[in-house]
Amino acid sequence: MNYLRVRGGRVLRPDGRVERADVAVDRDEGTVRAVGSPDEVDEALGGAAAETLDASGSLVMPGLVNAHTHVAMTLLRGYADDKPLDPWLREDIWPAEAELTPDDIEAGAELGAVEMIRSGTTAFADMYFAMDRVADVVDRAGLRARLGHGVVTVGKDDADARADVEESLAVARDLDGAADGRIRTAFMPHSLTTVGEEFLREGVAEARAAGVPVHLHANETTDEVDPIVDERGERPIAYADDLDALGPEDFFAHGVHVDGSEIDRLAEAGTAVVHCPASNMKLASGMAPVRRLREAGVTVALGTDGAASNNDLDVFDEMRDAAMLGKLAADDASAVPAAAVVEMATAGGADALGLPGGRIEAGAAADLAVVDLDAPHLTPVHDPVSHLAYAARGSDVRHTVCDGEVLMRDREVLTLDADAVQERAAAAASDLVDRVEGN
Ligand SMILES: N[C@@H](CCSC[C@H]1O[C@@H](n2cnc3c(=O)[nH]cnc32)[C@H](O)[C@@H]1O)C(=O)O
Ligand SMILES: [Zn+2]
């Protein structure tokens, strides 16, 4: 038997209670074997030896889920700021991305993986390209992910557009189940306005046949909603439904400009929304109606979006931003409370992505973050859940565990060489900018 014991901490349970408990992990299975008092855990282990992870003075929480990002965009962190979505993409980001090589994407994904592990994130959804390289990084990092190749067809001729759709479907079929099952996939058209209708229709039909979900950017800005309403006489979520892209396994990023009928339709279909508050604020896209979505029964997860519109991959920031912005959007300080954003960043994320994790209970995936509460900015501890939402930072995470494996112990990343990764990514980013500016 191959056990790991997280000893001496307080544990955030699925019902939101925090209790003093040890957690026993079956590393071979990658699951939680038992949660309980030291005696109860002794009994569950039946005297078997276990490697120990010290959690004294700490809170053991489910690993955080970053449910929408473009992880290799870490190379473009701080490259172009202070513009709205459309000119930001067209004038700055897409020209830079045109110069990205698969090696760059691997370097950026490694940097993102180190950043995520250091801040307690154990699972993420990624839409980008050169996804075989991203998958290789996920495998080596020990993380869990739902990956897809992002399709854009606007401005492409028919053959190029079709090839992009085919690439996304091929990635969805070929990479599903990679990294010992920690990698799952999705068909990922970029958005309902950057992919033409016939390509959306064909791609979604193929995705359904292959049994993979659909992930796209939806209702992010009014510039994206208005043309659909003007051309089709229907709102984007109705259009998505018409395309058969609104299923219970599908998950849409943003959902900022959704009206009541769209919220109801999302709830009825069981399609999840990934709220990206920092990206929405930075690009001034708008305020998602998070309270209304949750009240309607929509699964809401949290995402950082790419590091160029955030500008980091720290889901603790996202929890705080989601609570703050949710209150502002509802004009009510009781809207989107601490427990709600913690749920969105854990169980909500796992449910939206259809990945295991998000809850610490016997039988669940052993995806954990151990947060050190012994710090001035976390003193006193009246309510640990309040601290997770409003006062803690990614750098407060001591240990990160995914699928039963320790990815970081005492703030040292074990699966990747963090210094080498940082150096390589900085060099790749500087070469990239030289190439872009030389053009
Ligand atoms: N195959 C496509 C790449 C699409 S990947 C997904 C795209 O989403 C872009 N992106 C990043 N953040 C956002 C956002 O907030 N909204 C919309 N697109 C974004 C990102 O820069 C990337 O180009 C191509 O040939 O261009
Ligand atoms: Zn995005």
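The values are calculated or read from the model by the stated rules, or taken from the named source; none is laboratory data. The shown structure was predicted, so the numbers you read here are calculated from the model rather than taken from an experiment. As a convention, Cβ positions derive from the backbone with ideal geometry for all residues, glycine included, and neighbour counts pool all protein chains shown. Calculation scope for accessible area: heavy atoms of the full protein, side chains included, ligands and nucleic acids excluded. Shrake-Rupley method; radii C 1.70, N 1.55, O 1.52, S 1.80 Å.
Which members of region 27-54 meet the condition of being of a type outside the set (Ser, Thr, Tyr) and under 25 Å from the mean Cα position of the chain (by Cα)?
The answer is Arg27, Glu29, Gly30, Val32.
Identify, by number, the condition in (1) touching a Lys or Arg at 6+ places or on another chain (Cβ under 9 Å); (2) without any contact (Cβ under 8 Å) to a residue 60 or more places away in the chain that Pro248 doesn't meet.
(1)
Where residues in region 229-248 are open to solvent by 70 Å² or more (accessible area, probe 1.4 Å) and assigned to a helix (DSSP H, G or I), which of them is nearest to Gly270 (Cα to Cα)?
Among them, the one singled out is Asp242.
Which of the residues that make up region 249-289 are open to solvent by less than 10 Å² (accessible area, probe 1.4 Å), over 14 Å from His217 (Cβ atoms) and not hydrophobic (A, V, I, L, M, F, W, C)?
Glu262, Pro277
For the condition more than 15 Å from ligand 2 (Cβ to nearest atom) and either under 26 Å from Val300 (Cα atoms) or surrounded by 24 or more Cβ atoms within 10 Å (Cβ to Cβ) (or both), what is the one hit in Leu85, Leu75, Leu100, Leu147?
Matching residue, one of Leu85, Leu75, Leu100, Leu147: Leu75.
Identify, please: which residue in region 158-203 is part of a strand (DSSP E or B) and of a type in the set (A, V, I, L, M) and is, among those, nearest to Asp403 (Cα to Cα)?
Ile183
From the list Glu29, Glu40, which one is away from ligand 1 (no atom under 16 Å from the Cβ) and touching a residue at least 40 places away in the same chain (Cβ under 8 Å)?
Details: Glu40 fails: touching a residue at least 40 places away in the same chain (Cβ under 8 Å).
The unique qualifying residue is Glu29.
To keep it simple, each residue is scored yes or no on (1) among the aliphatic types (A, V, I, L, M); (2) within 30 Å of Leu246 (Cα to Cα).
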| residue | (1), (2) |
| --- | --- |
| Met344 | yes, yes |
| Leu353 | yes, yes |
| Ile360 | yes, yes |
| Pro380 | no, no |
| Ala389 | yes, no |
| Arg393 | no, no |
| Thr415 | no, no |
| Ala429 | yes, no |
| Val436 | yes, no |
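For region 268-357, please list each of the helices (runs of 4 or more DSSP H) lying entirely inside it that holds at least 2 residues being away from ligand 1 (no atom under 15 Å from the Cβ).
Passing ranges, in order: 290-295, 315-330, 338-345, 347-353.
May I ask you to list the residues in region 188-208 that are open to solvent by 10 Å² or more (accessible area, probe 1.4 Å) and more than 16 Å from ligand 2 (Cβ to nearest atom)?
Gly196, Glu197, Glu198, Phe199, Arg201, Glu202, Ala205, Glu206, Arg208
Only one of Val65, Val60 is in contact (Cβ under 8 Å) with a residue 24 or more places away in the chain, under 30 Å from His190 (Cα atoms) and either among the aromatic types (Phe, Trp, Tyr) or open to solvent by less than 40 Å² (accessible area, probe 1.4 Å) (or both). Can you tell me which?
When all the criteria are applied, what remains is Val65.
Considering only region 395-436, state which residues are over 20 Å from Leu76 (Cβ atoms) and open to solvent by less than 20 Å² (accessible area, probe 1.4 Å).
Selection gives Asp396, Val397, His399, Thr400, Val401, Cys402, Gly404, Val406, Leu407, Met408, Val413, Leu416.
How many residues are at positive phi and open to solvent by 50 Å² or more (accessible area, probe 1.4 Å) if we restrict to region 209-228?
1
Suppose the filter is touching a residue at least 40 places away in the same chain (Cβ under 8 Å), assigned by TED's automatic domain parsing to the domain that holds Asp132 and under 21 Å from Asp223 (Cα atoms); does Pro95 pass it?
Considered against the rule, which asks whether it is touching a residue at least 40 places away in the same chain (Cβ under 8 Å), assigned by TED's automatic domain parsing to the domain that holds Asp132 and under 21 Å from Asp223 (Cα atoms), Pro95 comes out as yes.
Quickly run through region 361-388 and pick out the residues that are of a type in the set (A, V, I, L, M, F, W, C) and farther than 18 Å from Gly57 by Cα.
Those that are of a type in the set (A, V, I, L, M, F, W, C) and farther than 18 Å from Gly57 by Cα: Ala362, Ala364, Ala365, Ala366.
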